[in-house]
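See structure below.
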């Protein structure tokens, strides 16, 4: 598909968002020419990529971007509804998570783009005790999960019939500096840095946490692989489950304040599912090796704290 060490023109849709910024950083490290789309003009100042401001609701926006960039590789990180508290409507979820995917596939096929990588979500699956395999049935709950599943299904079904190669990478619990303030690590660090208690649920839910920079490194490695995926799914996580309670306490112990996390004081959301852990057998098969990064937890927390000190003025 791509020659080793070749320099590609890469379009990252949603490249100004939380995870998109990590993808851009990884692509830049590897020396590629990177373009991003973003709704927020602030990305013009903070992104090292070439930025195209616009909205997927604009008629022919995707076609216009394709004409400008002429990409060889597209990574679609754009999504609506990721953060439950943000007021993304069901219509916006459909537009970003389904219609945008259809438009990207259509325009990529017309322009003979080599590969489109769709970033999916573990929440497309239903909760289960065993690690989730790519072959497991989807059982989405809520507008975000449902529309992400619809977008992934488009890629799965059309992929084998298109000349452009396609791949769906389903992310599990990605965390890292720059994430939304409603995310769990941010809430924990924000409360504890102010010596405030934090009310939490029981924390018995099982998650598969992976730092965003580590996930981005693997996404880009998969995107640049030779061969043809033809619409395949790949689950991307650490392969190691941990209770939310235990994950949270690791943060709290790092700041020497575990007693400030008050478990059992919050009820779960109606659409909260219990267990999401990735079966990474196929990921390992494709990449050859998936490094266990759990021992880097302290280093990752330090990076997180450095970011909020420098960018948000925290005194921690």
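All of the numbers you see were taken from the coordinates with simple rules; none came from a lab. Since the structure is predicted, the reported quantities are computational estimates derived from the model, not experimental observations. Positions of Cβ are generated from backbone atoms using ideal geometry, with glycine treated the same way; all protein chains shown enter the neighbour counts.
Axis angle, to the nearest 10 degrees, between helix 184-193 and the longest C-alpha principal axis of the chain: 40 degrees. Calculated on C-alpha atoms, the gyration radius of the chain divided by its Kirkwood radius gives an Rg/Rh of 0.95. Treating the angle as unsigned and between 0 and 90°, give the value, to the nearest 10°, between the Cα long axis of helix 297-312 and the longest Cα principal axis of the chain. Roughly 80 degrees, rounded to the nearest 10. Over all orientations, segment 110-256 has a Cα convex hull whose mean projected area works out to 10.3 square nanometres. Remark: the residue 1-residue 137 segment gains 46.0 nm on full extension, using 0.36 nm per residue and subtracting the alpha carbon distance.
Segment 186-284 gives an Rg/Rh value of 1.09, both radii derived from C-alpha positions and Rh following Kirkwood. With the convex hull drawn over the C-alpha atoms of segment 126-206, the volume per residue is 138 Å³. Residue separation of residue 260 and residue 60 scaled by 0.36 nm, minus their Cα-Cα distance, works out to 66.9 nm of gained length.
Estimated from helical segments only, the mean residue ellipticity of the chain at 222 nm is -10500 deg cm²/dmol, where each DSSP H run of four or more residues counts as -39500 (n - 2.57). Secondary structure note: in the chain, about 10% of the DSSP beta bridges are antiparallel. Just to be sure I understand: of the beta bridges DSSP finds with both ends in segment 1-147, what percent are antiparallel, rounded to 5? So the antiparallel bridges amount to about 5 percent of the total. Distance from a point 7 Å along Cα→Cβ of residue 106 to each backbone N in segment 116-146: keep the residues under 19 Å and list them by number. Only 116-118 pass the distance filter.
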